[in-house]
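These notes concern the structure reproduced below.
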Amino acid sequence: MSAAPRTLVLMRHGKSGYPPGVADHDRPLAERGRREAALAGEWIRSEDLRVDAVLCSTATRTRETLERSGISAPTTFLDEIYGGSPLDILEVVRVYAPADASTVLVVGHEPGMPETALTLDPDGYIDRFPTSAYAVAAVTLDWDRLGLDADPDAELLGVRVPRAEA
């Protein structure tokens, strides 16, 4: 029996600043990052991706990206996403994504976000994955099975790179 249609959105944090003496985990968003994170949220809403749950890295820049996106859904902050491999990120989804969620957003880092998308859909293609970019994947399994089967678990529908029109 197949799972109800599900969507996984894998978002990279916005452009961060590099204040002197601030540890990587604590770096805040730069002004450009704040603008583009807000734009990413607008794009996600314009695609009618109704996020039911968010799994977010504990890093300051990911928390600020989520806040600036305006996406409001129950959120779990997880250290495992910061620096996490695709296997780590898929484990987080399996454990923390609510079973009844149709759309789950993961806010994390590069290379974790694009590599996770390609792990789920080995035939997918990602040209680039800059800050504030997000991948959208149609998932064919229940969240607690994601990444455990040999067959592809999702179809990469595309990568969006929110940038303001000039």
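The values are calculated or read from the model by the stated rules, or taken from the named source; none is laboratory data. As the structure is a prediction and not an experimental result, all values here were calculated from the model. Counting neighbours? That spans all protein chains shown, and the Cβs are built from the backbone with ideal geometry, glycine included. Please note that ligands, DNA and RNA were not included when accessible areas were found on the heavy atoms of the full protein model with its side chains. Shrake-Rupley method; radii C 1.70, N 1.55, O 1.52, S 1.80 Å.
Observations on the structure shown:
- Label-point gap, in nm, between residue 163 and residue 99 - each point 7 angstrom along Cα→Cβ: 4.4 nm
- Computed log₁₀ I(q)/I(0) - Debye formula, equal Cα scatterers, no solvent, the stretch 77-152, q 0.11, 0.13, 0.14, 0.18 Å⁻¹: -0.25, -0.35, -0.41, -0.70
- Here the dipole of the stretch 6-160 is about 780 debye; that uses its Cα centre as origin and unit charges on the Cβ of Lys and Arg (positive) and Asp and Glu (negative).
- Charge-dipole axis of the chain as Lys and Arg at +1 and Asp and Glu at -1 on Cβ define it, positive-most pick from 28, 62, 41: 28
- For the stretch 29-36, Karplus couplings with θ = phi - 60° (6.51, -1.76, 1.60), whole Hz, Gly/Pro x: 6, 7, 4, 4, x, 5, 4, 6
- Residues whose amide H lies under 5 Å from that of residue 133, counting only those 5 or more places away or on a different chain, are 12; hydrogens are built 1.01 Å from N in the peptide plane.
- Cα gyration tensor shape of the stretch 6-160, rounded if a/c is under 1.5, else prolate or oblate by comparing a/b with b/c: prolate
- Percent accessible area from carbon and sulfur atoms, the stretch 60-166, protein chains only, probe 1.4 Å: 48 percent
- Computed with every protein chain present, the accessible area of residue 67 is close to 140 Å² [probe 1.4 Å].
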